[in-house]
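Okay, so here's the structure we're looking at.
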Amino acid sequence: MIILGIDPGKKGALALLHPERRVECFDMPGTTRELHDLVAGFPLIRMAYLEKLHAGPVMGVKTIGVMFEAYGVLKGALQWRDIPFTEVRPNKWKPALNLSKDKNASREMAMQMFPDQADLFKRVKDDGRAEAVLIAAYGIGLKMEAATE
């Protein structure tokens with residue numbers, strides 16, 4: 001059963017979590033066509049977990065519009081492929097994994113949970129990849145303790 005985790009946004013990513021704990025990460029495509037092609041090439045996915053967007057108080061109207069348009073494209077791509085999905089709020093999945101808002105903490109946890117693929121998360125700009133795979137892990141109830149057993 002392959003699980004898809006999605007950290008939406010310009011610096012976000014999509015992560016496939018395979019049953020044997022192998023991870024594939026894809027940085028968020030820049031265009032609708034690239035996103036369509038990426039999702040079209042995915043193998044059979046049992047479930048997707050998509051971080052729910054929220055508009056912040058200091059965000060500009062244009063930024064909010066672009067973000068939510070891209071979010072709609074993501075949801076449409078999942079529906080087009082008949083991939084069931086659940087939207088998860090960051091204030092739910094992060095505390096469940098004992099994470100704060102710190103993006104580096106997400107990278108560190110992803111490297112610890114998936115040490116054989118730590119290179120996927122080693123750069124500061126890989127926080128979207130880390131959060132995408134952690135969203136998938138949260139969706140199936142995988143926690144840090146499971147990685148150390």
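Please treat every number below as a calculation from the coordinates, not as lab data. Predicted model, so just to flag it, every value in this text is computed and none were measured. Note that each Cβ is placed from the backbone with ideal geometry, even for glycine, and that neighbours are counted across all protein chains shown.
Count Lys and Arg as plus one, Asp and Glu as minus one, and take only other residues whose Cβ is under 15 Å from that of L78; the net charge is then -1. Over the chain, the alpha carbon radius of gyration divided by the compact-protein estimate 2.2 N^0.38 Å works out to 0.98.
Scalar couplings 3J(HN,Hα) for segment 11-26, obtained by applying the Karplus form with A = 6.51, B = -1.76, C = 1.60 to θ = phi - 60°, are 9, x, 7, 10, 10, 9, 10, 8, x, 7, 6, 7, 10, 10, 10, 9 Hz; x denotes Gly and Pro.
Taking amide H positions as modeled 1.01 Å from N, with prolines and chain starts lacking one, no residue 5 or more places away or on another chain lies under 5 Å from L142. The number of Lys pairs in the chain with C-alpha atoms less than 16 Å apart, excluding pairs fewer than 8 positions apart on the same chain, is 22. Residues whose amide H lies under 5 Å from that of K52, counting only those 5 or more places away or on a different chain, are V88, R89; hydrogens are built 1.01 Å from N in the peptide plane.
Backbone phi angles across segment 84-89, fed through the Karplus curve with coefficients 6.51, -1.76 and 1.60 (θ = phi - 60°), yield HN-Hα couplings of x, 9, 10, 8, 10, 7 Hz in residue order; Gly and Pro are listed as x. Listed peptides 108-114, 5-11 appear in the order 5-11, 108-114 once ranked by packing, highest mean of other Cβ atoms within 10 Å at the front.
When each of the peptides 68-80, 125-137, 29-41 is scored by how many other beta carbons lie within 10 Å of its residues on average, the order from highest to lowest is 125-137, 68-80, 29-41.
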